[in-house]
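First the structure, in the form of C-alpha cells, and then the observations on it.
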Amino acid sequence: MKSDLTEHLERSTEPGTFVLQNPRMLKVDLAGTSGHFFAKQGSMVAYQGDVDFAYQGSGGVGRMFKKVLTGEGMPLMKVSGSGDVFLAHDADEIFLLELEGESVTVNGGAVLAFESSLEWDIQRVEGASMLSGGLFNTTFTGHGVLAVTAHGRPVVLQVDEPTYVDMQAAVLWSAGLQSSVRRTATAGALVGRGSGEAYQLCLSGSGIVVVQASEGHPTPARS
C-alpha cells in the first residue's frame, strides 16, 4: 500500500521518556519509569502492550476536598504496566516541561500527563475571590516531566513588569511570581470572550507566563 500516511509512522522513544509523536499526540514508554505515571482521564487514544488504567480522582482525601471546594478540575487516571501509551486531548497542541527542582502553576484543565516523581497540590491564586471565578490552579514541584496542552499556538511572555492575562487564556506560569486579580475599570467593557472578561490575572516579579491563543474550547450549545 502506498500513502502519504507513511510519513506519520510511530516514532521510537527512549525507555521511560515522554516524547511527542507529533504536535498533538504524546507517546509514553512505560519501560524504565517508576512503574506508572498519571494522565488526564479519557486522554488515551491508543496503547500497545499490557497496560492498566485506574481512576485516580484528585489523588488523596486532602486534594479531593480541595477539588470539591474549588472546582479545579483535574480528573486523573493512573497508567501502569508495560508498553507504549498514546495520549491526546481535543487535538490541542502539546508541550513538554522538564522540571529540575522548579515549581510551576498550571491551569488544571491544561494538564495532560506527568511523571509520578512530581509533587502536586491545588492552590488558590492570591487575590482571587468567588466573584472572579475562584481561580484555583495546580502547582507542580520537583524533578520530572509534565505534559500540558494549549488550545491554539501559545506565546511565552517574560514577566519583568506587571503582566495581565485573561484567566481562561493562562496555561501556566512560574510559581515564584506574585499573583493578583484585576477587575476591568468599566463593568461593561468587553475585554475578552469568556464569562470572566471583567477580571484579569495580574502577575509580577520575575518569571514567565504561557498564554494560549484562545480562551478555551467553545461550550457546546444545548439542544
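A few remarks follow.
- Residue match in region 95-113 (condition: at pLDDT below 95, under 12 Å from the mean Cα position of the chain (by Cα), of a type outside the set (Gly, Ala, Ser) and not in a strand (DSSP E or B)): yes
- Residue tally, condition surrounded by fewer than 23 Cβ atoms within 10 Å (Cβ to Cβ) and either assigned to a strand (DSSP E or B) or touching a helix residue (DSSP H, G or I) at 6+ places or on another chain (Cβ under 8 Å) (or both), over region 147-166: 10
- Check on Asp50, more than 19 Å from the chain's Cα centre (by Cα), within 20 Å of Ser116 (Cα to Cα) and either charged (D, E, K, R) or modelled with pLDDT of 95 or more (or both): yes
- Neighbours by Cβ (under 9 Å, 6+ apart or cross-chain): first from region 196-220, under 19 Å from Glu93 (Cα atoms); second at pLDDT 75 or above and basic (Lys, Arg): Gln212/Arg153; Ala213/Arg153
- When Asp84, Asp121 are checked against the criterion of being modelled with pLDDT under 95 and farther than 19 Å from Gly35 by Cα, a single residue qualifies: Asp121.
- Selection within region 135-179 - among the aromatic types (Phe, Trp, Tyr), modelled with pLDDT of 90 or more and closer than 19 Å to Glu215 by Cα: Tyr164, Trp173
- Any hit, region 196-211, residues being surrounded by 20 or more Cβ atoms within 10 Å (Cβ to Cβ), modelled with pLDDT under 85 and on the phi > 0 side of the Ramachandran plot: no
The values are calculated or read from the model by the stated rules, or taken from the named source; none is laboratory data. As the structure is a computational prediction, the values presented were derived from the model and not from experiment. With ideal geometry, Cβ positions are generated from the backbone for all residues, glycine too; neighbour counts draw on all protein chains shown.
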